[in-house]
Amino acid sequence: MPITAVWPIESPEDANSGDGVTLTEPDEVDGLLARLAEPNAGVATVWHESRELADEDEGMPDHDVCVAVRDGYGYLSYIDVEHDLAVPEGDPAAPALHGGDVEFPEGSGVSLDTLAEALREFLRTARRPEAVTWRALEE
């Protein structure tokens, strides 16, 4: 049950630069997080390949997951048909992160170990991870 992640790369030479990876094994999550920690990596959109599509014609997943790594913190958001948009209850010292499809508020960044655990759980279960405590965001 693979997950796929795609993210933009900030590049003055190529405005449409990006990267991506498909993970099939839990031990591959650390490599994804290392790539997202690179200075020009943007917020990744992640989807689980085994979940139902919300729109077959458009290929739109029934869930939206965003992941980022900045300044030693991991950021994660999750929404699907059963759950409102939410981020983890993170470290109160974690700064806000702006970018991608979601704004991560102050205090929503978690340790990289916690983020890795949550992504491994998502890879394994295709469900919203229980490795973190979630707080709903206003849309």
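Between R120, R135, R124, which is closer than 21 Å to M1 by Cα and surrounded by fewer than 18 Cβ atoms within 10 Å (Cβ to Cβ)?
Numbers: R120 fails: surrounded by fewer than 18 Cβ atoms within 10 Å (Cβ to Cβ); R135 fails: closer than 21 Å to M1 by Cα.
Checking each option against the conditions leaves just R124.
Please go through the stretch 96-111 and pick out each residue that is touching a Phe, Trp or Tyr at 6+ places or on another chain (Cβ under 8 Å), of a type in the set (A, V, I, L, M, F, W, C) and crowded, with 18+ Cβ neighbours inside 10 Å.
Correct list: L97, F104, V110.
Take T125 and tell me if it is out of contact with any Lys or Arg (no Cβ under 6 Å at 6 or more places or on another chain), within 24 Å of E49 (Cβ to Cβ) and among the polar types (S, T, N, Q). First the steps, then the outcome.
On the way: out of contact with any Lys or Arg (no Cβ under 6 Å at 6 or more places or on another chain): yes; within 24 Å of E49 (Cβ to Cβ): yes; among the polar types (S, T, N, Q): yes.
So T125 passes the test.
Kindly state which strands (runs of 3 or more DSSP E) lie completely within the stretch 1-111 and contain at least 2 residues that are under 11 Å from the mean Cα position of the chain (by Cα). Before the answer, list the steps.
Values: elements: 3-8, 18-23, 44-48, 53-55, 63-70, 73-80, 83-88.
Result: 3-8, 44-48, 63-70, 73-80.
I want to confirm something. Restricting to the stretch 1-32 and keeping residues that are surrounded by 18 or more Cβ atoms within 10 Å (Cβ to Cβ) and touching a helix residue (DSSP H, G or I) at 6+ places or on another chain (Cβ under 9 Å), which single residue is nearest to F122 (Cα to Cα)? Let's see the steps before the verdict.
Step one: list which residues in the stretch 1-32 are surrounded by 18 or more Cβ atoms within 10 Å (Cβ to Cβ), which gives 3, 5, 7-8, 23, 29, 32.
So of that shortlist, the ones also touching a helix residue (DSSP H, G or I) at 6+ places or on another chain (Cβ under 9 Å) come out as 3, 5, 7, 23, 29, 32.
On the way: I3: 8, A5: 12, W7: 18, L23: 11, V29: 11, L32: 14 Å.
Per the stated criteria, the residue is I3.
List the pairs whose first member sits in the stretch 48-61 and is more than 9 Å from M1 (Cβ to Cβ) and without any contact (Cβ under 8 Å) to a residue 12 or more places away in the chain, whose second member is surrounded by 10 or more Cβ atoms within 10 Å (Cβ to Cβ) and charged (D, E, K, R), and whose Cβ atoms are under 6 Å apart, counting only residues at least 6 apart or on separate chains?
Within 6 Å, the pairs are E52/D62.
Within the stretch 55-64, is even one residue among the small types (G, A, S) and modelled with pLDDT of 95 or more?
In the first step, residues of the stretch 55-64 are kept if they are among the small types (G, A, S); the result is 59.
Pick out the ones that are also modelled with pLDDT of 95 or more and you get none.
For the stretch 55-64, residues among the small types (G, A, S) and modelled with pLDDT of 95 or more: absent.
Can you name every residue in the stretch 100-139 that is of a type in the set (G, A, S) and either on the phi > 0 side of the Ramachandran plot or touching a Ser or Thr at 6+ places or on another chain (Cβ under 6 Å) (or both)?
We begin by selecting, within the stretch 100-139, every residue of a type in the set (G, A, S); these are 100, 107-109, 111, 116, 118, 126, 131, 136.
Within the stretch 100-139, G100, G107, A126 meet the criteria.
The values are calculated or read from the model by the stated rules, or taken from the named source; none is laboratory data. Keep in mind the model is a prediction, meaning the values are calculated, not measured. All Cβ positions, glycine included, derive from the backbone under ideal geometry; neighbour counts span all protein chains shown.
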